[in-house]
Structure formats: structure tokens, C-alpha cells
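S.K.: Submitted below is the structure of interest, expressed as C-alpha cells.
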């Protein structure tokens, strides 16, 4: 009878797969012995979180995707049906599996082309809380992620609940990514985090603001993107209504966000941490913890009585939150986290930042989240005498020994680097495409020393391996697959090269950091050709393409005295830029300058370029520049060579010489934040040209503007920023 049932279920599975292109599918689960078969259907959809419908990508019609349940010893067989016109992929985050099943397109696994099906098959060799998500472009931000729960072959001792946290933007993720590369402060405006000059005067922090800009830094923030919603299991709020007084519940918390860290708190008492990234740890009792992007934690909470209690997840920037209500009814009061003290954070960073852009930890030797420098920004800490126990990595201790097998040790050192203004994120100032794969041998032990020499946290994730976090616990050092590294921290991890072959990704899991190139690839020596990727060279070019992409930006002024503006096409190192000034007549004149150049240095403060300058103006008076050279701006068609350099106070100095020998020196700065939405632009050069302008930001793309130009005169109108 069992044999006939198994055959019948196999036929059902085959039949439903064959109907893929013929009817609206449903996800289904078929169990055949220890084989667990899932069918996942990826398709375009729309969602409505709040008041606006947005494009999304769903699996089986839901966001998040269905939770996949396994038991250790099972074999997973997952059929992914791509119903979209674009490619997709799925990475099984934290799972130990064969390299070709890892799901990184063009690196380990073939991409899933539109209207095709790909089958993943691998053994389940571990237990714990994990998740899966697209590893193709920005699809993860659009909703393509879900939870994985792998249980022991023992009955559960208490009730469990998956808590999958994520961030949601109504904006196109591609526009978010493009905007970050052009240092938009629209997201800071939306979050109330501009730290403008008017605010600094009101709060008595003008000196702090001036020193911040003297050191070439922009406003302080703990995150980059403004999100419209924070979600829990795809909802604005979740609830558990069947927990009795005194009952315990295990929450399987997954941070499935693209770039948001979450603070976790529970109004009903302590939070007991029992696992991290799927690996069990000895129980740790805390008041709160922060869960990094892509990390998972298993925690236990208790409902102390019949009252209503809230498990609160708050974005690190404290602009949004989501919650799990423990109650027999939906109403529960929530005490939200107070607004950050941004100028206190700016003051702290001023003391840590050198003039060359590198960080100085002042000999504190920070590591393992033990010294959160952002604490100066937390009112609940600085304005209260109440002791708050916050989890850090030094408090984690494995349940059983985690010592690596005997073998040769090799030590690697990685410096996490980046440029906030141009949103370039690197390791040792190199992107993935600029670095070689790191060859490792099966059986050796790899120790990695990581130093974060940037102003942002980085959750570093290693594919296909657990690593030990050297936190002082000796043989019981905890195992993890993701490590959050705070600014100025130095942390050490180590892993055993236990696989037979393959390329394994090691990268920052903030989606927009990874896409800009922050990562490395470990390759096992003597890796055989991957049959899924027959043209390895072509596949590698696809992988490297992510951080080599160019982004279009523009600012177009349309005012009563004419039009001036610029358009840029930029990637990690290169920029093609065209700027123009168009007067209303020949007397006011027309001008266009086009430059192509390369950004030099870790902070990209140096920009040599070559360009072409065309200008016409009908004037009868000959002029000279400050160097007593005849000014050719009435009629100019020249090539030029120049260099730009970012000075203190974020001023740009531009020195160029054209093919006729004329020299021009220019100083300028754009978008000086006078107030939350008011920006000042200024420019002066040795051709005796100058400009002063104001811009009031109405929306991300639209501003009301006015400016005075020495050639074009006074004008007012609008500016379109893209």
C-alpha cells in the first residue's frame, strides 16, 4: 500500500509540473520517504502595504514566500518555476550543500531563465533557522525571500513561531540603488536626519557640523535608505493568540531585509537567545539585541500572565517598526524607541575620523559588538540610569565544542573600505571584479582577520560553510554564517575548508553594498568544470558585471534666464560628465563641457580627466582671466586636461589647462544643507565667472530654484534632479 501511494504521489508531482504554462499554479508539498519536494512559482505581482500599490516579485503568490520545512536527514528537491520574462535564482542562505546547488547565478548555478524550471536537490545535514532569497540583481528587495525551518528528529518541547522581518520600499529598487550612487539626501529628508546648518544652530551644534564637513564628511546616519514599511511575515503586524499565561514560545527570528538592522525588544520580560544563524548556543538572557541584515536568532520568550505583550522589531534608524503581539486580542500598547541624537553621533565620528578618511579607534581595540559607538545617540541609554543588557557576540557560547580539525592554518586579512559619497563599497579598496579569486585547499583551516575601516556596519556572510567566531570562548566559540562588523572593529573568524570543490561567495549582505562590489570569492583548488556553466569565462564576466555597471544621473535647471545643468554616467571608478549653460540669446551665450575621468584613491577624492569645451557668446569687449590670459569664452572649441580634488568643507577644486595653454582654476560646492529642504550652490573661477544659487527640494525629483550667474544674470524656475 505504501509503495502504491508513493508512486501515486510521484505521478501527481510530474503531472502538476507539466501544467506549468497552462494554468495558475499552486505551491505543493509532496513527501516520499525522506525526500521533501516543493514547487515554487516565481512571478510578478503587485502589493499594497498601507496606501500604495507597488510592483513586487512573489513566490507562490505571497510575500514573503512560503516557509520550507525539513527534518535533518531529509533530501530536499525544490522545483523553481520562473514565470517571469527575466532571469531569477534562489540561494539557500546558511545551508551546507553541494556547490552547484548554492544558487548564485553564473558563479555556482545556472540562472533560471524566464519561463523555465530549475530543480535544486541536496541533502539536509543540519538543523536550525535559515532562509532563502533571490541572488539575482535586486529581486530580494522586491519580495523574493522566505524562511527555512529544519527540525530535529525529536518532538518539539514548546510552541514555535517564525518571525521573518523585512523592509519594503514603494520605490523601484533600481531607482534606490541609482540614487545612492549619486548621494541623494532625499532619504535623510524623509527620515528627518539631514543635520542641516539651521538645525545645528538651533541645537547648539554648529561647531560639530563645521568640523564634520572640514573632515570631508556628510551627515551622520546609521542606514542609507528610507523605507515605507517594516514587515513581519509580510504584514505590518503579526499576532499570537493561543499562548497561555506562563507558556514559553520559541521565536525563529530571521532578518530578511535588504539593508535594515532591527532592534528586538519584548515588553513581557527578558529575551533568551538559544541559537544564532541556525547553530545552538548556551542560553543567554538579555533585554534586547540587534539582528544584522541576513542574521537569524532563535529566542525564547514567556507570556507572564493573561495581559497583552509586544515583541517589537524597530529599524536601527528608528523611523519605522513592526511587531508581534502576544495577546488574546489585537490591542496592545507599544513603547517605541526614541529618536536618535544624530549630532552626538556626528561629534563622536569627528573624533574618530582622520583627515585622510581613515578611521582611528584611539587604541580601544573594539570587537564583537562589545563597544557600540552609536550608544551616544541612544536616549534610552544616555538619558536613563536603568541598566540595559544588550546582546553582543562575546556573550555567545556554543553548546558543544567547535574546534576545527587538525590541519594547516592560513591567515588572511581583509580591510572593509568604502566611499559613502559615491556609494562604493570594497575590501582592501577593491571590488569583486577588481580582485582575484582566493584559492584554498580542501582540509586546510582558513583564519580571516576583518577590520572595518568605514563608517557603516557590514554583515559579512560566507556561503556554504559555518565559521567560528573567536570571542574568547575557546573550544566553545560560537558557529555562525554571518558576522556583523561595526565601524572600527577588528574581528577574527575561522573555518575548515571541508568541501570538495567550487566557488564560494563571501560578501556584505547589505544588498546595495554587495551589488557595488563588497566581497570576495573563495575557490577550491582543482575545482572541475561546472556543467551548469559550460562557458566559465562568459559566466565570470556576468558575475563581475554587477559592480561595473554605470548609473545615469542628471540635474536640469529650467529658469527665466535659461537653462543650466549636468548629466553624468558613472560607475565604481569612471565618470562621463556633460554640463551646459544655455542663455536666452547670443549675448548671454551657450556653453558645454564634457569630461571623462577616473576617481583615484580609497576615498576617491582625486579625479583626473580629459575633456572637450565648446562655447559661444556674442560680446564686443575682450576680457582677460586672473592670469592675464585672453579669455576665450566668447568663442572656444578646445580639448582640455584637468584634475578635481575634494578639499575640506567638501569644496571641489578644479584645475585645468586647454590645448591653447589657457589655465582655469575653479572652486565650487553643490547642495550645502542650509535647512532641511533648502540647498545652496556656489561657484567661482579664474575666468571671473561666479554663481550663487538656492534650491528648495519639494520632491525627490523636483525643486523650486533660483540663481545668479555672472554671464546669464538672475533667474528663477524649477530644477529636475534625477
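Just so it is clear, none of the values below were taken in a lab; they were calculated from the coordinates. Quick caveat: nothing in here was measured; it's all calculated off a predicted structure. Ideal geometry is used to build each Cβ from the backbone, glycine not excepted, and the neighbour counts take in all protein chains shown.
S.K.: Given a Förster radius of 25 Å and the C-beta distance between residue 586 and residue 720 as r, what FRET efficiency does 1/(1 + (r/R0)^6) yield to the nearest 0.05?
M.R.: Numbers: r = 26 Å, r/R0 = 1.03.
Between residue 586 and residue 720 the formula returns 0.45.
S.K.: Among (1) 1.07; (2) 0.95; (3) 1.00, which one is Rg/Rh (Cα atoms, Kirkwood Rh) computed from these coordinates?
M.R.: Derived directly from the coordinates: (3).
S.K.: Also, I was wondering about something else. In deg cm²/dmol and to the nearest 500, what is the mean residue ellipticity at 222 nm of the chain if only DSSP H runs of at least 4 residues count, each as -39500 (n - 2.57), divided by the residue total?
M.R.: Working: 9 runs with 76 residues, N = 722.
Mean residue ellipticity at 222 nm (helix-derived): -3000 deg cm²/dmol.
S.K.: Now for a different question. Round to the nearest 10 and give me the degree value, 0 to 90, for the angle of helix 2-18's Cα axis relative to the longest principal axis of the chain.
M.R.: With rounding to tens, the tilt is 20 degrees.
S.K.: Taking Cα centroids, how far is the stretch 291-353 from the stretch 433-496 in Å?
M.R.: 27 Å
S.K.: Compute the relative contact order of the stretch 320-473 as a whole-number percentage, counting only Cα pairs closer than 8 Å that sit 6 or more residues apart in sequence. Display every interim value, and only then the final one.
M.R.: Numbers: 120 pairs, mean separation 31.9, N = 154.
Averaging sequence separation for qualifying contacts and normalising by length gives 21 percent for the stretch 320-473.
S.K.: Related question: Is the shape of the stretch 245-364 rounded, prolate or oblate, going by the alpha carbon gyration tensor and its root eigenvalues a ≥ b ≥ c, with a/c under 1.5 for rounded and a/b larger than b/c for prolate? Intermediate results must be reported in sequence, preceding the final value.
M.R.: Values: a/c = 2.56, a/b = 1.79, b/c = 1.43.
Prolate, because a/c is 1.5 or more and a/b exceeds b/c.
S.K.: Angle, helix 536-545 long axis vs. longest principal axis of the chain, Cα atoms, 0 to 90°, nearest 10?
M.R.: The two axes meet at around 60 degrees.
S.K.: With both partners inside the chain, how many of the DSSP beta bridges are antiparallel, as a percent to the nearest 5?
M.R.: On the way: 189 of 226 bridges.
If I count the DSSP bridges inside the chain, around 85 percent turn out antiparallel.
S.K.: Specify whether the C-alpha gyration tensor of the stretch 397-530 places it in the rounded, prolate or oblate class, a ≥ b ≥ c being the square roots of the eigenvalues: rounded for a/c under 1.5, otherwise prolate if a/b is larger than b/c and oblate if not. Can you show the working numbers first?
M.R.: On the way: a/c = 2.16, a/b = 1.24, b/c = 1.75.
Oblate shape, in that a/c is at least 1.5 and b/c is the bigger or equal ratio.
S.K.: Okay, moving on. With a cut-off of 8 Å between alpha carbons and a minimum separation of six or more residues, what is the relative contact order of the stretch 431-590 in percent? Don't jump to the answer; show the numbers that get you there.
M.R.: Values: 300 pairs, mean separation 34.2, N = 160.
About 21 percent, as a whole number.
S.K.: A further question on this structure: Using Cα atoms only, what is the angle between the long axis of helix 342-352 and the major principal axis of the chain, expressed in degrees (0 to 90) to the nearest 10?
M.R.: Between helix and principal axis, roughly 80 degrees.
S.K.: Sticking with this structure for a sec: Taking every DSSP beta bridge that has both residues in the stretch 397-530, what percent is antiparallel when rounded to the nearest 5?
M.R.: Values: 28 of 39 bridges.
In the stretch 397-530, approximately 70 percent of DSSP beta bridges are antiparallel ones.
S.K.: A further question follows. In whole percent, what relative contact order does the chain give with Cα contacts below 8 Å and a gap of six or more residues?
M.R.: Values: 1797 pairs, mean separation 68.4, N = 722.
With pairs under 8 Å counted, the relative contact order is 9 percent.
S.K.: Which of rounded, prolate or oblate describes the stretch 551-721 when judged by the alpha-carbon gyration tensor and an a/c cut-off of 1.5? Please report the intermediate quantities before stating the final value.
M.R.: Numbers: a/c = 1.65, a/b = 1.09, b/c = 1.51.
In terms of gyration-tensor shape, oblate.
S.K.: Order the peptides 605-618, 139-152 from the highest to the lowest mean number of other Cβ atoms within 10 Å of their residues. Walk me through the numbers on the way to the answer.
M.R.: Details: 605-618: 16.6, 139-152: 22.6.
Ranking the peptides 605-618, 139-152 by packing returns 139-152, 605-618.
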